[in-house]
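A.B. asks: This is the structure I want to talk about, given as C-alpha cells.
The values are calculated or read from the model by the stated rules, or taken from the named source; none is laboratory data. Please read all numbers here as calculations on a predicted model, not as lab measurements. Quick reminder, even Gly has a Cβ in these numbers, built from the backbone with ideal geometry, and neighbours come from all protein chains shown.
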Amino acid sequence: MNASSKFTHSLRKRGKRKIDYRVPIPSVSIEDVRDAREESAVLELRQRLVERGCLPPRHDDYHTLLRFLKARDFDIEKTIQMWEEMLMWRKEYGTDTILE
C-alpha cells in the first residue's frame with residue numbers, strides 16, 4: 001500500500017454511529033443558564049445606562065448587555081464608554097433606520 005492509498009483509506013468513514021432518536025435528550029435553554037456574578041453586573045450596567053438615558057428599548061436585552069460586559073472584562077466604566085460609542089455609531093450611520 002503506497003502513501004496515496006493510505007491517505008485515501010484514512011479519509012473513509014470508519015463506521016456509522018448508531019443514534020437512538022427515540023430517546024429524548026434533555027435540553028436547557030440558553031436563557032435559563034445565568035451566572036450570579038454576570039447577572040448582578042448586567043443589572044448594574046442596565047441601571048447606570050438608564051440613569052444616563054443611554055438604553056433605548058430596542059437594545060434593552062440581557063444577552064446584549066452581557067456581551068458588552070464580557071468584551072470589557074466586566075469593567076462597568078469601559079463598558080458604558082463602549083456602549084455610548086456604539087449608540088453614536090448607530091446614529092451616525094443610520095443603522096436603526098435601514099429597514100424603515
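A.B. asks: I need the full set of residues from the range 60-100 which are among the hydroxyl-bearing types (S, T, Y), over 14 Å from the mean Cα position of the chain (by Cα) and within 27 Å of D35 (Cα to Cα), in order please.
C.D. replies: First pass over the range 60-100, keeping only residues among the hydroxyl-bearing types (S, T, Y): 62, 64, 79, 93, 95, 97.
From what's left, over 14 Å from the mean Cα position of the chain (by Cα): 79, 93, 95, 97.
Within the range 60-100, T79 is the sole residue that qualifies.
A.B. asks: Considering only the range 40-53, state which residues are touching a residue at least 24 places away in the same chain (Cβ under 8 Å) and surrounded by 12 or more Cβ atoms within 10 Å (Cβ to Cβ).
C.D. replies: In the first step, residues of the range 40-53 are kept if they are touching a residue at least 24 places away in the same chain (Cβ under 8 Å); the result is 41-42, 44-45, 48-49, 52.
Answer for the range 40-53, where residues must be touching a residue at least 24 places away in the same chain (Cβ under 8 Å) and surrounded by 12 or more Cβ atoms within 10 Å (Cβ to Cβ): A41, V42, E44, L45, R48, L49.
A.B. asks: Using the structure shown, decide if R14 is farther than 27 Å from T95 by Cα and modelled with pLDDT of 90 or more. Lay out the reasoning, then the answer.
C.D. replies: On the way: farther than 27 Å from T95 by Cα: yes; modelled with pLDDT of 90 or more: no.
Against the criterion (farther than 27 Å from T95 by Cα and modelled with pLDDT of 90 or more), R14 does not qualify.
A.B. asks: Also, quick follow-up: Among (1) over 23 Å from T97 (Cβ atoms); (2) not in a helix (DSSP H, G or I), where does L55 come up short?
C.D. replies: So L55 meets the others, but not (1).
A.B. asks: Test R67 against the stated conditions and say whether it is modelled with pLDDT of 95 or more, out of contact with any His (no Cβ under 6 Å at 6 or more places or on another chain) and assigned to a helix (DSSP H, G or I).
C.D. replies: Details: modelled with pLDDT of 95 or more: yes; out of contact with any His (no Cβ under 6 Å at 6 or more places or on another chain): yes; assigned to a helix (DSSP H, G or I): yes.
Criteria met by R67.
A.B. asks: Restricting attention to the range 54-86, which residues are surrounded by 13 or more Cβ atoms within 10 Å (Cβ to Cβ), without any contact (Cβ under 8 Å) to a residue 12 or more places away in the chain and of a type in the set (S, T, N, Q)?
C.D. replies: Across the range 54-86, the qualifying residue is only T64.
A.B. asks: For the structure I just gave you, tell me whether R37 is exposed (fewer than 10 other Cβ atoms within 10 Å of the Cβ) and modelled with pLDDT of 90 or more. Outline the logic, then answer.
C.D. replies: Values: exposed (fewer than 10 other Cβ atoms within 10 Å of the Cβ): yes; modelled with pLDDT of 90 or more: yes.
So R37 passes the test.
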